[in-house]
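Student: First, the structure itself, so that you have it in front of you.
The values are calculated or read from the model by the stated rules, or taken from the named source; none is laboratory data. Quantities reported herein were computed from a predicted structural model and do not represent experimental measurements. Note: ideal-geometry Cβ built from the backbone for every residue, glycine included; neighbour counts use all protein chains shown. Only protein heavy atoms, including side chains, enter the accessible area calculation; ligands, DNA and RNA are left aside. Shrake-Rupley method; radii C 1.70, N 1.55, O 1.52, S 1.80 Å.
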Amino acid sequence: TGDIRGTILQKIGNKKVISDSSQERIDYFTNPPFKIVGHINGINSFERYIGLELPNGIVILENFNYGNAIFVFKKDWESFSKMTRGELIKRKSSDTERIPHKKNWKSNLETVLGFSHK
């Protein structure tokens, strides 16, 4: 996993100012509130994404640049990542979820992951 914060900052480029929403997602991904196996680099059409791998095999891929979304792959992330984001959205598989960067992205992500909210 190494220095995940440094890897994320490399992926988003040498920006002098990072938006509050991007910073919030960076903080979440560098210290998630759930157990992870490790961090991974996205591949294929997701090469600009950083991932969290959960013990149950779920992979969460995040692109920290504005306008992108979080993708959750419930299985076989390497096969799904060969598709474009557009193909995944059109496919509407229950094995993939797209979570737009909106105000409630954290609770939406945690709902997809099956975590309860209190």
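Student: With the condition kept exactly as written, say whether any residue in the range 51-67 is without any contact (Cβ under 8 Å) to a residue 40 or more places away in the chain and assigned to a helix (DSSP H, G or I).
Tutor: No; the residues of the range 51-67 include none that is without any contact (Cβ under 8 Å) to a residue 40 or more places away in the chain and assigned to a helix (DSSP H, G or I).
Student: How many of the residues making up the range 84-102 are part of a strand (DSSP E or B) and more than 15 Å from Gly51 (Cβ to Cβ)?
Tutor: Taking the range 84-102 as the starting set, the residues that turn out to be part of a strand (DSSP E or B) are 96-100.
Adding the requirement that they be more than 15 Å from Gly51 (Cβ to Cβ) leaves 100.
Residues that pass the stated criteria total 1.
Student: Still on this model: Can you give me the number of residues within the range 82-107 that are of a type in the set (S, T, N, Q) and open to solvent by 90 Å² or more (accessible area, probe 1.4 Å)? Reasoning before the result, please.
Tutor: Pass one, the range 82-107, residues of a type in the set (S, T, N, Q): 84, 93-94, 96, 104, 107.
In the following step, the residues that additionally are open to solvent by 90 Å² or more (accessible area, probe 1.4 Å) were identified as none.
Counting residues in the range 82-107 that are of a type in the set (S, T, N, Q) and open to solvent by 90 Å² or more (accessible area, probe 1.4 Å) gives 0.
Student: Find the residue count for the range 44-59, including only residues that are touching a helix residue (DSSP H, G or I) at 6+ places or on another chain (Cβ under 7 Å) and not polar (S, T, N, Q). Break it down stepwise before answering.
Tutor: First pass over the range 44-59, keeping only residues touching a helix residue (DSSP H, G or I) at 6+ places or on another chain (Cβ under 7 Å): 45, 48, 50, 52, 59.
Then keep just the ones that are not polar (S, T, N, Q); that gives 48, 50, 52, 59.
Residues meeting the conditions: 4.
Student: State whether one or more residues within the range 13-23 are at pLDDT 90 or above, part of a loop (DSSP other than H, G, I, E, B), polar (S, T, N, Q) and open to solvent by 70 Å² or more (accessible area, probe 1.4 Å). Even if it seems obvious, please write down each step before you answer.
Tutor: Quick first cut of the range 13-23, residues at pLDDT 90 or above only: none.
Scanning the range 13-23, I find no residue that is at pLDDT 90 or above, part of a loop (DSSP other than H, G, I, E, B), polar (S, T, N, Q) and open to solvent by 70 Å² or more (accessible area, probe 1.4 Å), so the answer is no.
Student: Oh, and also: Considering only residues that are outside any strand (DSSP E or B) and either in contact (Cβ under 8 Å) with a residue 24 or more places away in the chain or open to solvent by less than 30 Å² (accessible area, probe 1.4 Å) (or both), look in the range 34-50 and name the one that is nearest to Phe115 (Cα to Cα). Spell out how you get there, then give the answer.
Tutor: The first filter runs over the range 34-50 and keeps only residues outside any strand (DSSP E or B), leaving 34-37, 42-49.
From the residues that got through so far, the ones that are either in contact (Cβ under 8 Å) with a residue 24 or more places away in the chain or open to solvent by less than 30 Å² (accessible area, probe 1.4 Å) (or both) too are 34, 42-46, 48-49.
Numbers: Phe34: 9, Gly42: 24, Ile43: 27, Asn44: 29, Ser45: 28, Phe46: 25, Arg48: 27, Tyr49: 23 Å.
Checked the range 34-50; the qualifying residue nearest to Phe115 (Cα to Cα) is Phe34.
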